[in-house]
Each structure stands twice: as C-alpha cells, then as structure tokens.
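Here the structure is laid out as structure tokens; the discussion comes afterwards.
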Amino acid sequence: MRDAEKTVGTMIDKQKTAFIGSIDSEGFPNIKAMLQPRKREGIKTIYLTTNTSSMRVAQYRKNSHACIYFCDNRFFRGVMLRGTMEVLVDSVSKEMIWQEGDIMYYPEGVTDSDYCVLKFTATSGRFYSNFKSESFIVE
C-alpha cells in the first residue's frame, strides 16, 4: 500500500459503522459495533462518543489496549488499527464532537455526566484487500 493514511482514511470516512475492541477482566477480547467516528486526525487519532456508564468504558479504564476495525463490504476489504483508547470527560473534548441530535441520547446535553468521548490512538494497522493483507505502522 503506497499511502496508508490516504487509503485507510478514505475507507474510514465512507463507513457508517466502526467495530471497537476492548479487553475484559478475564483477558478476553470484546467487540462492539459503534456509529462512525465523529472526528479523526489522519488515521492516528479517532474520536467516538459513548455512555460513561457503559461496560466498554469500564474496560478501557482498566486496560487501554484497543483496536478499531472498519469493513467495506462492497469491495470485501477492511482495516484493523491497533493502539490505545482513552476515556475523555473534560468539557473541551465533549464540546469538540457534540452534535445537535446527541440530546436524544444525553438528555442533559453536552454536560451530561453519562456522555463521554473515546479517543483512540493508533500505533499500527493491518489492511486487507484483493485477497491479501499487509501490516503497517501508523505515524
């Protein structure tokens, strides 16, 4: 892959679903489908929203190791990014990705204590396309 950031970034932007992975208290991987990311900085940093009270947040607070997977069903290709997940509850982060329709999930608005930001920071990835896959470093 000549330009991982461009190829993977374009693919991410076209997907409506992201699959995030966390590690549970017994050391097993857990996967969850999420709505598409709210913001990304290249392919290094990806921001999502979730409930502070969720099981996934509790898992990331205990073990920040994470992955995020995007799948393009139409062309049977996908990318897994590996890295860490931070749980952000500060007002700057929450306001950065807040959208008007979020009030339906977080009735108290951007200050709702059950609203938080997941910040994923990638260190490496693996891209699958045309019946082959390749690993890459995210810088």
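The values are calculated or read from the model by the stated rules, or taken from the named source; none is laboratory data. Not measured: the values here are computed from a predicted model. Cβ coordinates were reconstructed from backbone atoms using ideal geometry, including for glycine residues, and neighbour counts include every protein chain displayed. Surface areas here come from the heavy atoms of the whole protein model, side chains and all, with no ligands, DNA or RNA. Shrake-Rupley method; radii C 1.70, N 1.55, O 1.52, S 1.80 Å.
Annotations for the structure displayed:
- The residues of the range 4-137 expose on average 58 square angstrom of accessible surface per residue, using a 1.4 Å probe on protein heavy atoms.
- Paramagnetic label reach from residue 126 (point 7 Å along Cα→Cβ; backbone nitrogen cut-off under 19 Å): within the range 77-96, residues 77-85.
- Distance between the C-alpha centres of the range 88-121 and the range 48-77: 16 Å, rounded to the whole angstrom.
- Reciprocal mean inverse distance between Cα atoms of the chain - Kirkwood radius, Å: 15.5
- With DNA, RNA and ligands ignored, accessible area of residue 28 (1.4 Å probe; Å², nearest 10): 120
- Reach of residue 6 by Cα under 19 Å, taken over aspartates and glutamates that are not fewer than 8 positions away in the same chain: 41, 72, 134, 139
- The chain: calculated mean residue ellipticity at 222 nm from DSSP helix runs of at least 4, using -39500 (n - 2.57): -5000 deg cm²/dmol
- Legend: distances between Cα atoms for 14/132; 14/62; 62/132; 94/132; 39/132; pairs beyond 27 Å are 14/62; 62/132; 94/132; 39/132.
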